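One structure is given below, encoded as structure tokens.
The values are calculated or read from the model by the stated rules, or taken from the named source; none is laboratory data. Here the structure is a predicted model, which means the values were calculated and not measured. With ideal geometry, Cβ positions are generated from the backbone for all residues, glycine too; neighbour counts draw on all protein chains shown. We work out accessible area using only protein heavy atoms, side chains counted, and drop any ligands, DNA or RNA first. Shrake-Rupley method; radii C 1.70, N 1.55, O 1.52, S 1.80 Å.
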Amino acid sequence: METTQLPHAARAASPTRRPGRPESWAAWLIVAILGVFGAGGKAVAAEVPDTMEQRLMGCAACHGVHGEGVAYNQFYPRLSGKSADYLYHQLKAFKDGQRRYTQMVYLVRFMDDAYMREVADYYARQAPHYEPPASTEGIAPAVLQRGQALVEQGDAQLGVPACAACHGTRLEGRDPAIPRLVGMSRSYLTAQLGGWKNGARQAVAPDCMHEVVDRLSTADIEAVGIWIASRPGSDTLQAEPASATQKLPLVCGSMQQ
Amino acid sequence: MSKSSKRYWLWPLLAIVLAGLIVAAWLFVRQGGLPTLIASRVGSGSPVNLKDPALIARGRYLALAGDCVACHTVPRGDLYAGGLEFVTPFGTLYSTNITPDKNNGIGSWTADDFWRVMHYGVSPRGFLYPAFPFTNFTNLSREDSDAIFAYLMSRPASSQPNSQNRMPFPFNMRFAVLGWRMLYFRPAEFRPDPSQGAEWNRGKYLVDGLGHCNMCHSGRGPLASLPASRYLSGGEVVGQGWYGPALNQEGLAQWSVEDIAALLRTGVSPKGAAYGPMADAVFHSLQYLTATDAKAIATYVKTVPTKEPPELVSIAVNAAETEQLMAEGEALYRKECADCHQPNGEGSGLAYPPLAGNGSVTAGNSMNVIRIIQAGAVAPSTDGNPRPYSMPPFGQRLTDREIAALATYIRRSWGNRASAVSPAQVAKYHGVPL
């Protein structure tokens, strides 16, 4: 930014002036100072990369630089590799007041549509971040079976549909509003499901997740968490498109908007 | 005997009542007089062709400059159909539908009715509450009022119904506003100052009129009034928990006219960036100003004399505690902030604003600093800066004490000389809506 100062300063200190004289020392001092500031100024201006990664450092505080999540708080969702359309609709929902998490609403309120698309695209492009499939060693076969059954078939007696019926056969999620489950950690899954059961986590009414989880016992929740966390994710796994018009087993408030 | 003594008591009483009535009548005249009670006394302007495309286009520009859309639109609601909530010390009210709908909007109004609202602050529903900036819009010329009316009437009608205000007695009675008006409102006609140039006068017209900058940038008096002595001297934005710094010679001493114009039109500048309510004003309104108008505004605000020193919030942080906070703040700053704002607080170009010499940072009231560290910020998307950089929130991760230390450090480093911030002050902003 102040680069033009450098040549001038250098000229002032040209060898035609005898060294040792006070003014030449002063000149050298000026060169040194301007050098530091000039270079500093230039470096500073050039240092801010013109990338989405840099522009979204504010989001990184809670979602991680690449949307991989943050270690200090598992509550903040991962964004990496989620469908661009899904992410864009979530941003828009915050901006338009349908989703009300204050901090998000505040940050996206004055983004325009084009920028929100670009933000969504940025995270969609990042490699999805999966927890490595959790080992099932030492887990009673009955627990695994129960988990697999609930995820793949549900429990007709309890009136619980299969997770896969909504979240996709490989739990890859479904555009535009049903999140991917594969790749989540067991502790995060059981914490979220527990939250739905006791009301700590809520969605727009009718809150289908609450309805489902309310019918599960704590042991069932554990089993589901164990099974899902043991499923492998892969970089090629895509969310099912919105056009998959398979009828959902329940009515969810968050899907109707 | 008893009769004459009665009269003796009566006379002074009558005199007092009479004097009271005279004062009331005088104040009534000063707040606008008969046109505020009787619509037909407003008088008509010269006839206008509301369908004139040039008039409509000018009205559109003026409506943008006046930020009508931000206050008269709710998320997902129809544009200009009202319903936005205003939380004031006197209760909660809602803006109204100003689309040309005949039942719920202003579809059956004349240009005179509209002028009565803009100039006098009175609509067919009665005296309007000063959450509607009629104390500013009164400065508008009749021609500009007509142009805005033509624009609004050219827009699609929306039948979105108006919301019911929730105000306690006596504020729920529109007539109560008359008392406020008698004390604090005088309809005004903008008169250019002949000793100043055209640019300066245009700037003042926009600042005092459509721009309504003083709604957010002035200290308030009793009953949320805007006393002349605190004009643009810095003040809290009513009900929002943000502080509008002083817009005057002293407050803007470090800002060039170009810096200010850049902030208004793009949301970023070499001296500071827009956030909180200012981001709102830039996003919905100021970014649409022409370069000429933005420069005129900047030229004017830089000349506003500093009348009253900006409000100082005195807090009890003693010297030893301040020193301790400074030390903790410095370490935290290097770790959390210096990447973007630089170790010397200079910032990085337009991406990251400087904190050294920044009036928002050193304002007597420290609320902006506390709030932005808690909540982070994204500058508004504008044509000049469509893809803004962002600042992370820290409230979810740092303690009140850490935030107080950071706030103290940036307010007292690199030549900044503002008061320290205590953890108790930071705690006050938990849960204050953003």
Residues that are assigned to a helix (DSSP H, G or I), under 16 Å from B:Val301 (Cα atoms) and open to solvent by 40 Å² or more (accessible area, probe 1.4 Å), drawn from segment B:205-243
B:Cys216, B:Ala228, B:Ser229, B:Arg230
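Quick check on segment A:99-112: of everything there that is facing another protein chain (nearest Cβ under 9 Å) and in a helix (DSSP H, G or I), which residue is nearest to B:Gln374 (Cα to Cα)? I'd like the intermediate steps shown before the answer.
Just the residues of segment A:99-112 that are facing another protein chain (nearest Cβ under 9 Å), to begin with: A:102-103, A:105-112.
When the remaining residues are screened for being in a helix (DSSP H, G or I), the result is A:102-103, A:105-108.
Details: A:Thr102: 12, A:Gln103: 10, A:Val105: 15, A:Tyr106: 12, A:Leu107: 12, A:Val108: 16 Å.
It comes out as A:Gln103.
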Breaking point among (1) under 26 Å from B:Ala228 (Cα atoms); (2) open to solvent by less than 70 Å² (accessible area, probe 1.4 Å), for B:Lys307
(2)
Select, from B:Ala274, B:Ala253, the only residue that is free of Cβ contacts under 8 Å to residues at least 60 places away in the same chain and either within 14 Å of chain A (Cβ to nearest Cβ) or within 16 Å of B:Thr362 (Cβ to Cβ) (or both).
B:Ala253
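Among the listed residues B:Arg202, B:Arg174, identify the single one that is charged (D, E, K, R), surrounded by 17 or more Cβ atoms within 10 Å (Cβ to Cβ) and out of contact with any Leu (no Cβ under 6 Å at 6 or more places or on another chain). Don't jump to the end; show me each part of the working.
Numbers: B:Arg174 fails: surrounded by 17 or more Cβ atoms within 10 Å (Cβ to Cβ).
The match here is B:Arg202.
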Which of the numbered conditions does B:Ser285 fail, given that it passes all the others? Conditions: (1) open to solvent by 40 Å² or more (accessible area, probe 1.4 Å); (2) not assigned by TED's automatic domain parsing to the domain that holds B:Pro388.
(1)
Matching entry among B:Ala316, B:Ala331, B:Ala294 (being assigned to a helix (DSSP H, G or I), more than 30 Å from B:Thr73 (Cα to Cα) and away from chain A (no Cβ under 14 Å)):
B:Ala331
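Of the residues B:Tyr429, B:Tyr352, B:Tyr409, which is under 24 Å from the mean Cα position of the chain (by Cα) and of a type in the set (Phe, Trp, Tyr)? First the steps, then the outcome.
Numbers: B:Tyr352 fails: under 24 Å from the mean Cα position of the chain (by Cα); B:Tyr409 fails: under 24 Å from the mean Cα position of the chain (by Cα).
Within the list B:Tyr429, B:Tyr352, B:Tyr409, the selection yields B:Tyr429.
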Residue under evaluation B:Ala405, criteria (1) away from chain A (no Cβ under 12 Å); (2) under 25 Å from B:Gly239 (Cα atoms); (3) open to solvent by less than 10 Å² (accessible area, probe 1.4 Å); (4) among the small types (Gly, Ala, Ser), criterion not met
(2)
Answer residue from segment A:130-170, given it is within 29 Å of A:Val70 (Cβ to Cβ) and touching a Phe, Trp or Tyr at 6+ places or on another chain (Cβ under 6 Å) and is surrounded by the most Cβ atoms within 10 Å (Cβ to Cβ) among those
A:Gly147
Taking segment B:41-56 and the residues there that are without any contact (Cβ under 8 Å) to a residue 60 or more places away in the chain and in a helix (DSSP H, G or I), the one that is least open to solvent (accessible area, probe 1.4 Å) would be B:Ala54
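Criterion first (open to solvent by 20 Å² or more (accessible area, probe 1.4 Å), assigned to a helix (DSSP H, G or I) and either in the same structural domain as B:Leu264 (by TED's automatic domain parsing) or at pLDDT 95 or above (or both)) does B:Leu62 satisfy it? I'd like the intermediate steps shown before the answer.
Values: open to solvent by 20 Å² or more (accessible area, probe 1.4 Å): no; assigned to a helix (DSSP H, G or I): yes; either in the same structural domain as B:Leu264 (by TED's automatic domain parsing) or at pLDDT 95 or above (or both): yes.
Criteria not met by B:Leu62.
Is it fair to say B:Arg166 is loosely packed, with under 13 Cβ neighbours inside 10 Å and more than 26 Å from B:Leu232 (Cβ to Cβ)? Talk me through it step by step, then tell me what you get.
On the way: loosely packed, with under 13 Cβ neighbours inside 10 Å: yes; more than 26 Å from B:Leu232 (Cβ to Cβ): yes.
For B:Arg166, the condition - loosely packed, with under 13 Cβ neighbours inside 10 Å and more than 26 Å from B:Leu232 (Cβ to Cβ) - is met.
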Let me confirm something: among B:Leu14, B:Leu79, B:Leu34, B:Leu84, which residue is open to solvent by 30 Å² or more (accessible area, probe 1.4 Å), farther than 20 Å from B:Asp144 by Cβ and in contact (Cβ under 8 Å) with a residue 40 or more places away in the chain?
B:Leu79
Of the residues in segment B:344-372, those that are more than 10 Å from chain A (Cβ to nearest Cβ), surrounded by fewer than 23 Cβ atoms within 10 Å (Cβ to Cβ) and in a loop (DSSP other than H, G, I, E, B) come to B:Gly345, B:Pro354, B:Ala356, B:Gly357, B:Gly364, B:Asn365
Residue set A:Tyr76, A:Tyr72; condition within 12 Å of the chain's Cα centre (by Cα) and within 9 Å of chain B (Cβ to nearest Cβ); output residue A:Tyr76
Take the residues of segment B:373-400 that are of a type in the set (A, V, I, L, M) and crowded, with 21+ Cβ neighbours inside 10 Å: which is farthest from the other protein chains (Cβ to nearest Cβ)?
B:Ile373
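Quick one: count up the residues across segment B:177-195 that are free of Cβ contacts under 8 Å to residues at least 40 places away in the same chain and either open to solvent by 70 Å² or more (accessible area, probe 1.4 Å) or in a helix (DSSP H, G or I) (or both). I'd like the intermediate steps shown before the answer.
The initial filter retains those residues of segment B:177-195 that are free of Cβ contacts under 8 Å to residues at least 40 places away in the same chain, namely B:179, B:191-195.
Checking which are either open to solvent by 70 Å² or more (accessible area, probe 1.4 Å) or in a helix (DSSP H, G or I) (or both) leaves us with B:179, B:191-192, B:194-195.
Result for segment B:177-195: 5.
What helices (runs of 4 or more DSSP H) lie completely within segment B:79-159 and have 1 or more residues being modelled with pLDDT of 95 or more, touching a Pro at 6+ places or on another chain (Cβ under 6 Å) and hydrophobic (A, V, I, L, M, F, W, C)? Step through it out loud before you land on a result.
Values: elements: B:111-115, B:134-137, B:142-154.
So the answer is B:142-154.
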Checking the conditions here, which among B:Phe169, B:Phe127, B:Phe185, B:Phe175 is under 21 Å from B:Leu84 (Cβ atoms) and out of contact with any Phe, Trp or Tyr (no Cβ under 6 Å at 6 or more places or on another chain)?
B:Phe127
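For segment B:277-287, which residues satisfy the criterion of being at the interface with another protein chain (Cβ under 9 Å from one of its Cβ atoms) and of a type in the set (A, V, I, L, M, F, W, C)?
First, pick out the residues of segment B:277-287 that are at the interface with another protein chain (Cβ under 9 Å from one of its Cβ atoms): B:279-280, B:282-284.
Within segment B:277-287, B:Ala279, B:Val282, B:Phe283 meet the criteria.
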